[in-house]
1. Select from region 15-42 the residues that are surrounded by 14 or more Cβ atoms within 10 Å (Cβ to Cβ) and either modelled with pLDDT under 90 or not polar (S, T, N, Q) (or both) and list them in ascending order.
2. Where residues in region 1-19 are of a type outside the set (Ser, Thr, Tyr) and over 23 Å from MET114 (Cα atoms), which of them is farthest from the chain's Cα centre (by Cα)?
3. Test of understanding: among ASN4, ASN69, which residue is part of a loop (DSSP other than H, G, I, E, B) and either of a type in the set (A, V, I, L, M, F, W, C) or open to solvent by 90 Å² or more (accessible area, probe 1.4 Å) (or both)?
4. Go through ASN95, ASN60 for me and flag whichever is surrounded by 12 or more Cβ atoms within 10 Å (Cβ to Cβ), of a type outside the set (Val, Ile, Thr), more than 24 Å from TYR122 (Cβ to Cβ) and in contact (Cβ under 8 Å) with a residue 40 or more places away in the chain.
5. Can you confirm whether region 78-85 contains a residue that is assigned to a helix (DSSP H, G or I) and either touching a strand residue (DSSP E or B) at 6+ places or on another chain (Cβ under 6 Å) or open to solvent by 100 Å² or more (accessible area, probe 1.4 Å) (or both)?
Amino acid sequence: MYINMTEGEDEKMTNRWQKDADGIIIFTGLFSAALAAFLTVSVQDLKSNPQDTTAFYLANIYQLLADPNISRASILATPAQPPVFSPSNSAVLVNSLWFLSLVISLTSALLATMLQQWARRY
């Protein structure tokens, strides 16, 4: 009699766990998809813009061609280097938080999947 009651309660409990895990997996899937969209946009702030480098070199070429007093030796002696790119602290912080939340979301989905597998065997 006691065994029958406990088996029934155990089955109800595992069904609740599986349904809870289903909800967690669905939520984390939707959350991760939305988060990936934000990440694809904000990760661009961490890279240098190739248009800035192109504009820098074009400005240097223009200055060289516009000034007839510059000799060829001085042009070759001082090669122009574009400014070193450094992302802003806020861009690094925001992207770090985006990636951290994505890792947490995917980890919770993994744990919910493991819970479902365990509940099936229980």
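The values are calculated or read from the model by the stated rules, or taken from the named source; none is laboratory data. Please read these numbers as outputs of a predicted model, since none were measured by experiment. Positions of Cβ are backbone-derived with ideal geometry, glycine not excepted, and every protein chain shown enters the neighbour counts. Just so you know, the surface numbers come from the protein's heavy atoms only, side chains and all, with ligands and any DNA or RNA stripped out. Shrake-Rupley method; radii C 1.70, N 1.55, O 1.52, S 1.80 Å.
1. TRP17, GLN18, ASP20, ALA21, ILE24, ILE25, PHE27, PHE31, LEU35, PHE38, LEU39
2. Applying the filter and picking the extreme gives MET1.
3. Exactly one residue qualifies, and that residue is ASN69.
4. ASN95
5. No, that holds for no residue.
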